1. So if each residue of separation counts as 0.36 nm, and I subtract the Cα-Cα distance between residue 128 and residue 151, what length gain in nm does that give?
2. Calculate, in nm to one decimal, what residue 176 and residue 83 gain on full extension: separation in residues at 0.36 nm each, minus their alpha carbon distance.
3. Checking the cross-link filter: which lysines have an alpha carbon closer than 29 Å to that of residue 101, excluding same-chain neighbours under 8 positions apart?
4. Between residue 76 and residue 100, how high is the FRET efficiency from 1/(1 + (r/R0)^6) when r is the Cβ-Cβ distance and R₀ = 22 Å? Nearest 0.05.
5. Take the Cβ-Cβ distance between residue 168 and residue 47 as r, set R0 to 41 Å, and report the resulting FRET efficiency rounded to the nearest 0.05.
6. Can you tell me the FRET efficiency between residue 26 and residue 114 if r is taken as the Cβ-Cβ distance and R0 is 35 Å, rounded to the nearest 0.05?
7. Taking 0.36 nm per residue of sequence separation and subtracting the Cα-Cα distance, how much length would be gained by fully extending the chain between residue 16 and residue 40, in nm to one decimal?
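Values quoted throughout were computed directly from the atomic coordinates according to the rules given, and no laboratory measurement underlies them. This is a predicted model, so every value here is computed, not measured. Here the Cβ positions follow ideal geometry from the backbone for every residue, glycine too, while neighbour counts run over all protein chains shown.
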Amino acid sequence: MLLQQQESRVEVTRPQVFSRKIEEVSAFVNVARLYIRIKMTEEVAATQMAWVLSYVQGGIAEAWKNNLLDELAKGESEVESAEQLFTKIRNDFGETLEEEKKIEQLRTIEQGERTCNEYMQEFKKVARGSGYEGRPLIEEFKRGLNGSIRRKLAEAEEPPTTIGEWQKRAVRLDRNQKQSRIEERTLGRNVVHPGRNTQPRGEGLYGGRGGQIT
């Protein structure tokens, strides 16, 4: 009895209101679990679960909570303990929010100063698990390409029609453009301009000075 009284006086941080942000999931679950272990071990599962749900508020999280409370009231939910509730929170919000995070990244990623191959590799990584496919995926890839590459492919006699074709041809075109610029700079340094004397100063046509034959 004395031990229980001592435990009840321990100060424990309460969880922040959970509103479904992906960065909040782990923190909310960990703080709520710790609080229950220290302050609510004698409470029945229904009370522990109700306490946890009281911190789930706002927007979609509020609707999710109300749906779960309705299922619990009707005996249709498989959640029977606080630990099972924590697992459900992680599964339902963690997966959904991870997908939303990928979608946000997919809509903002751009090639910029990178090679098209580098852009493509990151795009593939972000697109995996985003739920995007078909035409929407192609449009996001096109949006992030540098304008010159996007326009040349779109204006080609036979434009690419699949995401695979867009990626393959964009990488090849980007590589060719970079190689062409390198060759132009190299050729520019070696061009002999008409009328410009390229002989060493002071030497004549035949190697003498002042144009005299020696």
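1. On the way: separation 23, 0.36 × 23 = 8.28 nm, distance 2.59 nm.
Full-extension gain reported as 5.7 nm.
2. Working it through step by step, the gained length comes to 27.8 nm.
3. In chain and number order, the partners are 21, 65, 88, 124, 125, 142, 168.
4. Values: r = 27 Å, r/R0 = 1.23.
With R0 = 22 Å, the Cβ-Cβ based efficiency is 0.20.
5. 0.10
6. 0.65
7. 6.9 nm
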